[in-house]
Structure formats: structure tokens, C-alpha cells
Amino acid sequence: MTEQQLPAWADPSVSPAALDPQGVSRRGLLRRAGLFGAAFALGSVATGRTPAFAAGDGGPLGGEDPRLAYLVGDHHIHSVYSHDAKYTFSQLAAKSAEYGLDWMVFTEHSNFGHADFGAAMEHREILRARAENPRQLIFQGLEWYIPAAEHCTVFTAPGPHEVDVLTRFESAYDGKLLAYDKGGPADADTARNEAHALKGLKWLAEQRRSGYVDDVLVLANHPMRLGIDSPHELRNWRDAAPGIVIGMEGAPGAQGAAIPGWRGATSIRGEYENKPSVQSWPGYPADAYLTYGGFDWATATVGGLWDSLLAEGRLFSVTTNSDAHRIVFDTWKNGDWPAGQNFDNTGKLPDPVNTGTPQPGSDFWPGQFSRTHVGVTRYGYRAVMAGMRAGRVWLDHGHLLDGLDVRLKRDRDRGRGVTLGGRLRVRKGERLTLSVTVTTASRPNPRGILPELAHVDVIRGAVRGPVPDRDTWQAPDTRVVRTEDVSGRKGTFTLRIPLTAGEESFYVRLRGSDGKRNGPGCLGASVDPHGPVPHAPGDGDPWADTWFYANPVFVDVEGS
């Protein structure tokens, strides 16, 4: 693979006059982080490792994390190498660049045609693209049909065995290819299938441990779309392959599904239009099958499933993405198959044809609406994966923010403190400061709207350790503890929020929105007084209800 080059906005040899407004803004953020130019190109790669100690163990008090630059990406993209998508690899790579993505993951659906033909063909395209445009970070991945559950993003670091690992995994462990979803109406719940999923994850972990691939990551996709990803399965995946299974989509793709007048009167953002089935985990409420401000119920519910995982004291990240298949208002249609050809015997759809007339679709282009921001100390593939593993991640819709930097430290300490995904070690009763540096949107988003952040919410939850019931989906001690009204504030500013360490370890996380759609959260106003709310079916303009979410920072209280 050719040597990686800095993106234009980070390259001092590129004149500011040659940058678009987004590039100018990102260059300013990089300068403020002290990582411009050689400091970003040559800086040490963030390892992504957090301290091994838990609350009560030995280790230094306080904590210090490096300065970070945030790279924007999308880990869930489909091309003609997926049986149900439409666009060429080149079309998607070009659009990703147009909308400012630094990194992207092509995650084609598992299929016999993909395993036998498509993965290798796409890999050749990816290798050419990496050579021709070394400023773009292009990963190859797979959307895994999880035995007993829904889908996962699986992707590897570039290297000589990246495709081999993906196709061997696909052939041996994919529920669709194994026909594990064909054994009857409740087959997705069988112990056999759950065990096979764990076996596959352990196999992936061994490929990394042995050095056969440099790195591999797994994230659960649209976990509540069907309700078949049970709480115990999420915990089992995480525990079977620690550091490999790093989290889940906090918000699904298909965010354009409910644009008024587009898909129909029953459409919901994310295509969350399902009802519980015999395969669904029976403990989820009916509200779980909706999106809230475009976010999955598991993430959007304060004190809900995501918080129940965090309350165990272990990092579990959230992301967002396009899940690009068919773009809203696009005019391309699938091409026609030549005689005798199909996806199973070619591994690739025919190239699309432009009709000049809008075609059905629910998705946005990668980077057009949904963005995952990953904190790194340098530019490169391994740095992105390390940043994701470390939980240095925040996400936004509609280009709500230009930048976000979060630091938590003891008041008695100097320095930067710890950031997203990190751990701060303190004594009971110590005073802490959470510093939230926001850079507001400096330019209109792709819809032509200049986003305005209205509020920042601080969410705090107690850390109690592993739960006795692995199907627990509530964290009853998690709630919104502070809301900062930032309406009308522009540019870069820092909120300084005082916290005090009690007797228990805890975590804090952040979210915020444009303030246009708020209401009591799923677990009541005393837990979440103004959280995201569902839209009416068929009336969910995503550009009019945008949010950001950030990963947690953990506080380990000595002696707790």
C-alpha cells in the first residue's frame, strides 16, 4: 500500500485559499489542537488502550490523554457488491470525499456471490483507489448476518490478508450463508445460533492476536430495528471478544426514510417500521421499535440499554452512518443483468443507469447527513481503529457541530485531563471539572441550513459492576443532571461544568440538539425532561431535528 498522505485541510503545503469552508474550519480546529502539519503526520499513534485498573485497584490518581484531532467517517456503506444496493464503488468514494469524509468502510452484505467473487473484485478497486488518492482512508469490511441476531459491521486494517479473513469469516460464521435463519419462525433465538456467533467473534479475535491481520473491529448495526438483538447477546458479544466488539450504531442509516411526501404515510426515520415478531426478544417495550430524533431507542433512552451497559463500568461505543443503499431523490436505477448472469454467479450488480427521474430511496450519501468523529493523534488507518477502540468518538446529524472536545480532570491537577472513552481515577469527595469545548457550525449544511446548537445535556450514571441478570436493559441511577442553554452562541466556546465524586464510581456522557423537537424521555421527565421524541409516521424531516451524542468518560472512585 502506498504511503498515507495528509488530507488537504491538514497539509501545510495546501493553501487555505484552496480549501472549502469545511476544510478551513477543520484546519482551525487542528491548529488549536496543536497537531497541524508535521505534528499530525509524524505524531505517535494513539494506542487506544485505557488503564487496566478498575475502581479500588492500584494506579495513579487523575489521568492525562493526548491532544486529538477528529477524523470524520462512516463505517457502513454498500455498493454494487451488495445484492440490494445500487452505486458503483467510484460513485460512493467520490461522494464521500465531496461531503468531507476522511475515512469510510465498505460493508457489503454477506452472500455466496460476495464470498466467491465480489469481495476480491471490490478489493482490487479499493487497492487502486488507495494508490490513486492516498488522502482517503478506505477500509474493506463486511455486513455480517449474526447467527441468532441482526447485522454487524466487521472490518479489518489494510494488509495482505484483509480479504482472506473477511471471506473465511463470512463462509464459516454467517447466519445467512449457513441458513441458520431457515429453521422455523423462532430459529433466531436458538442456543446453537448464539453459540456460533460467539465462536465467530473469538475466531476474529484470534486473527488479530496471532498477527494475521493488524486489527479488526466489530459494531452491531441498527440493533433495535427488529428487536432480535437481546441485551444478553450484546453483553455476550462484548465479553467474547473484548477490544474487537467495541459498540453499536447509536443511530441507523436510512435517515431520509420519513421525509414528508416521499416514501409514504407510515415511514419512520431509519426504516424502523417493524413490530415485534416471534424472533424478537420479549422484554423490549413497544417503544423500542422507533427512532428518537433519528437515534435508536437503545441509545436515545436515558437510563436505557446503552446506559445499562455503561453502568457495568465498561466502554461500549456508539456511532452513526449512512447505511447507503439508495439515496433520496437520486435519479439512478439498477442496470439490467446480461443473459445468464445474476448476483450469485458474478458477485456484482450491473452498473446503475441514470434515468433523470427521482427513484425510491431512504438513505443519504456518506457524510451528507450522518457523521462519526474519531479522535486521533495522527492520520492513518491504524490511528482511526485505535481511536474507535479507545472510545474517542462523538457523532452528529445534519452537520450540527464543526467540533467538540471533552476533558474531565480533578480541580487540583494541571494538564488536559481525560477525554471521551477515558478513565479518571479520583478520591471520594474530590471536585472535578468537565470542560466541553464546542465549535458551532460555520457554514450551511448540505440542505442549505446553517445549524444552530440549542443545548448541551450532561448525563450521569452510577457504575455498579456486572449485572446479575444479563438481560437487564435499564440503569435506574442514570439521568440528565444538567442542561446548558447555548442558544445564540457562535464560534468556539468552552462550558465548564463542576462535578463532585461521591462514594460510587460513575460515568458522564453528553448529547445536544438544535432544540426543535424535545419532550420527556421514555423513562419519564424526572430522568430526562427534554429528550428526543418520535416523529409522526411519514412526517420526519431529518434536517429539522438534529442531535449530537458523545461517548462517556468514566470516573473510578478510590475505595468504592
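Structure values in brief
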{"read-out": "Tally of residues being more than 23 Å from residue 365 (Cβ to Cβ) and part of a helix (DSSP H, G or I) across the range 106-118", "value": "5"}
{"read-out": "The range 402-417 residues that are under 27 Å from residue 27 (Cβ atoms), paired with ones that are open to solvent by 50 Å² or more (accessible area, probe 1.4 Å) and not in a strand (DSSP E or B) (beta carbon under 6 Å, 6 or more apart)", "value": "402/442; 407/416; 415/64"}
{"read-out": "Leading residue by the ranking (nearest to residue 355 (Cα to Cα)) among those in the range 94-110 that are touching a residue at least 40 places away in the same chain (Cβ under 8 Å) and buried (at least 24 other Cβ atoms within 10 Å of the Cβ)", "value": "96"}
{"read-out": "Checklist (1) within 19 Å of residue 535 (Cβ to Cβ); (2) open to solvent by less than 10 Å² (accessible area, probe 1.4 Å) applied to residue 324, failing item", "value": "(1)"}
{"read-out": "Members of the range 200-251 that are of a type in the set (S, T, N, Q) and either touching a strand residue (DSSP E or B) at 6+ places or on another chain (Cβ under 7 Å) or open to solvent by 10 Å² or more (accessible area, probe 1.4 Å) (or both)", "value": "207, 210, 221, 236"}
{"read-out": "Enumeration of residues in the range 336-364 that are crowded, with 17+ Cβ neighbours inside 10 Å and in contact with a strand residue (DSSP E or B) (Cβ under 6 Å, 6 or more places away or on another chain)", "value": "352, 359, 361, 363"}
{"read-out": "Total residues in the range 529-560, condition closer than 27 Å to residue 260 by Cβ and touching a residue at least 60 places away in the same chain (Cβ under 8 Å)", "value": "18"}
{"read-out": "Output for the range 507-533, where each listed residue is outside any loop (DSSP other than H, G, I, E, B), over 16 Å from residue 294 (Cα atoms) and not β-branched (Val, Ile, Thr)", "value": "507, 509, 510"}
{"read-out": "Scan of the range 409-456 for residues that are assigned to a strand (DSSP E or B) and over 19 Å from residue 373 (Cα atoms), ordered by number", "value": "409, 410, 423, 424, 425, 426, 431, 432, 433, 434, 455"}
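A quick yes/no check of all residues on (1) within 30 Å of residue 280 (Cα to Cα); (2) open to solvent by less than 20 Å² (accessible area, probe 1.4 Å):
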| residue | (1), (2) |
| --- | --- |
| 144 | yes, yes |
| 154 | yes, yes |
| 162 | no, yes |
| 165 | no, yes |
| 171 | yes, no |
| 176 | yes, no |
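The values are calculated or read from the model by the stated rules, or taken from the named source; none is laboratory data. In this text the structure is predicted, and so the values were computed from the model without any measurement. For neighbour counting, all protein chains shown are included, and Cβ atoms are generated from backbone atoms with ideal geometry for every residue, glycine included. Quick note on the areas: whole protein, heavy atoms, side chains included, nothing else; ligands and nucleic acids left out. Shrake-Rupley method; radii C 1.70, N 1.55, O 1.52, S 1.80 Å.
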